[in-house]
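The values are calculated or read from the model by the stated rules, or taken from the named source; none is laboratory data. Just so it is clear, the model here is predicted, and its values are computed rather than measured. Cβ sites come from the backbone with ideal geometry, for glycine too, and all protein chains shown count toward neighbours.
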Amino acid sequence: MNDPFDLDSAAQSQAERLMIGRCLVGDEAGSTQLVDGYLQDVFRVCLTILGNQHDAEDATQDTFVRVFRFLAKWDGRPLKPWILTIAANVCRSRLKSCRLTQELPLQLAQPPEKDQADWENIPILDGAIAQGLKTLRDEYRLVLVLHHQLHQPVERVSQMLEKPIGTVKTWLARGRQALWTWLVSNDHVRVSAPSSAREEN
């Protein structure tokens, strides 16, 4: 059987509709397929935002409870962004409602993609980027996770967070700059002086 999560957009949309139809009639296999298909991405978002494995597990569970609660209202939009929007909202609610511990296991950290000039000089930094992410404002951390770690296009992130594209781009730029500044100030990255400055010395 073909994997419904590895198809072109038209075929995937049809596969998602069939899967959701099975979920809505109480088909256990369909429900299992939905959870298994998105569990890793949801947990990854929750873990990076909340910074604690126990909190992330709880948020992941809450996310899928809400997914199934509102599944009948799904309007045919791409399913993954819709589910990740719910995950992001669950995490944002938890951050607002209580103070959570910020213990992100360093071995789970993955550096963002190198799509900006500044990022090209960043080596594999073990847990440094994960630590730096925890120092950022919630909205900066959220868009960096969704765009860089989960490879969601800016347009999708905009839809997921219900924010203008310009706002998302601003948050991405400010988040990258803030993270870069943190890495430099904490000696995780060394910035070489311009060649002209070296020649003067």
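The residue that is surrounded by the fewest Cβ atoms within 10 Å (Cβ to Cβ), counting only those in region 157-171 that are β-branched (V, I, T) and either closer than 21 Å to L79 by Cβ or in the same structural domain as N89 (by TED's automatic domain parsing) (or both), is V168. When the residues of region 34-56 are filtered to those that are among the small types (G, A, S) and farther than 15 Å from Q149 by Cα, the one that is surrounded by the most Cβ atoms within 10 Å (Cβ to Cβ) is A56. Meeting the requirement of 1 or more residues that are modelled with pLDDT of 80 or more and touching a helix residue (DSSP H, G or I) at 6+ places or on another chain (Cβ under 9 Å), the helices (runs of 4 or more DSSP H) wholly within region 96-201 are 128-133, 138-144, 154-161, 165-185. If you check R44 against the conditions, is it under 23 Å from C91 (Cα atoms), out of contact with any Lys or Arg (no Cβ under 7 Å at 6 or more places or on another chain) and at pLDDT below 90? Here the answer is yes, as R44 does meet what is asked. Screening D138 against (1) free of Cβ contacts under 8 Å to residues at least 60 places away in the same chain; (2) within 15 Å of N89 (Cα to Cα) leaves a single unmet condition, (1). Just one of the numbered conditions (1) at pLDDT below 80; (2) not in a helix (DSSP H, G or I) is not true of D75: (1).
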